[in-house]
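All of the numbers you see were taken from the coordinates with simple rules; none came from a lab. The structure presented is a predicted model; accordingly, all values stated were derived computationally and were not measured. Reconstructed Cβ throughout: ideal geometry from the backbone, glycine too, with neighbour counts over all protein chains shown.
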Amino acid sequence: MKPYTYSYSGERGPRVWQTVRVSGDKPQKYRLSGLKPKTYYAIRVQAISDRGPGVVSDVVKMKTLPVAPAVVKPADIKVHDNNTVAVRFSAPRDPEDPRKPIKEFVVHYTADDPSSDDAQWKEMFWTEPDDDFSVSIPIGGEHFKPDTKYSIKV
């Protein structure tokens, strides 16, 4: 297998193509590194044979994903007599503006063994109404069976 090249360029402004040459003995996929989050890019591929460079592919346009927020530190979980649960933790900082907390969360919970591949996880979405870094998620008792142990992750 002969080598090929990946070329990429920022989608905004004049196109200046950055080129990465990939050896032909590697799988025909390549992970571009050093790209900026939430940025549009144009990407194209070109094979190289004994006769020289081949035809350049059509341009594929894409947008990189945003930076993921930090993992939620272990939560403080309280079970009340009425079978409701309160999940409290400090919100991670928004990677795009560290002065602001992340406000949207997904709570996953299961009565199954959490390490099992067969565990059936249920989920609940929560948007924290306050702008501070303290998060308190109330979960109603209708989500839980009495006298049952659950594993929760945020």
*Which is farthest toward the positive dipole end of segment 76-153 among 79, 101, 115, measuring Cα position about the Cα centre, with Cβ charges +1 (Lys, Arg) and -1 (Asp, Glu)?*
79
_Please list, by residue number, every one of the chymotrypsin sites (Phe, Trp or Tyr not before Pro) in segment 108-154 that is coil in DSSP and has at most 15 other beta-carbon atoms within 10 Å._
121, 133
*Quick one: of 38/122; 61/100; 78/149; 29/61, which pairs are farther than 21 Å apart, Cα to Cα?*
38/122; 61/100
_Dipole magnitude of segment 1-153, debye to nearest 20 (Cβ charges: Lys/Arg +1, Asp/Glu -1, about Cα centre)_ = 1220
_Projected-area mean, the chain, by convex hull of Cα positions, square nanometres_ = 14.2
*Simple spin-label estimate for residue 25 and residue 38 in nanometres, 7 Å along Cα-Cβ*: 4.3
*In segment 89-127, which GluC sites (Glu not before Pro) are in a loop and have at most 15 other Cβ atoms within 10 Å, using DSSP for the loop call?*
96
*Enumerate the aspartates and glutamates that residue 2 could reach by cross-link, defined here as Cα to Cα under 18 Å, with residues fewer than 8 away along the same chain left out.*
25, 50
*asked:* Which residue, 91, 135, 39, has the largest displacement toward the positive end of the dipole of the chain when charges sit on each Cβ (Lys, Arg +1; Asp, Glu -1)?
replied: 39
